[in-house]
Amino acid sequence: MSVPGRSSSQQRTVQPSEMIVEGTMDGLAAARARGRVGGHPAALSQRQLDTAQQMYDSGRHTVDQIAEIFRVGRSTLYRALHTYGDGRDCALIIYRNSRPKIDHTNRRYGETGAGEKAQLEADRKWFPIAATRRARLKAMVYVVDGAVARIRAVTGDLSAWDEDDRGYADVPVGPPLTDLQITRQLPNMGIALGDQRPHVRGKVREYVTL
């Protein structure tokens, strides 16, 4: 390729590889401008990840067994689960957008756009949380359009938990916490209202240890 204003001795040929890199960078920049994040597709779908997490949390399967079932590497599974069996307390982060949703039973879920009563119902149900993890779950963090919108504390009363026929949990949570309540009740969480937490492609939920 010739560059105007340069002699033939000064002109440099642009290699095909350079053109590919330049085109890729332009494409990524355009994708970021549209709110998309690049990267390889997730090794596990969210449904597979939920199932793997439940299997792991139940204590009835080893990481090697679960990795073999889902045909992924052991290290890949560890990174995906974000849990290492160390018995620490945790919070569950839920990623959503602000568009209200209604399922086939006419139940609101996600961000309802309604009042606290409807939103509390949507924030409680239904999550794939194994029975053995419930005593360690201390909070639910709701990230909406890339920012922390609400944090609800989970009651310590295990008898208040309920589940559906799939084993998915109705989580007993309270009203949204204030900044002061978050600091006092969850001092080790390191997450505050309004924090930016961009949504990662393919990720709907993840645990963080406290």
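The values are calculated or read from the model by the stated rules, or taken from the named source; none is laboratory data. Here the structure is a predicted model, which means the values were calculated and not measured. With ideal geometry, Cβ positions are generated from the backbone for all residues, glycine too; neighbour counts draw on all protein chains shown.
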Please go through (1) among the polar types (S, T, N, Q); (2) at pLDDT 85 or above; (3) surrounded by 16 or more Cβ atoms within 10 Å (Cβ to Cβ) for GLN54 and return the number of the only condition it doesn't satisfy.
(2)
How many of the residues making up segment 113-133 are surrounded by fewer than 16 Cβ atoms within 10 Å (Cβ to Cβ) and among the β-branched types (Val, Ile, Thr)?
1
Given the structure, is GLN119 assigned by TED's automatic domain parsing to the domain that holds LEU177 and in a helix (DSSP H, G or I)?
yes
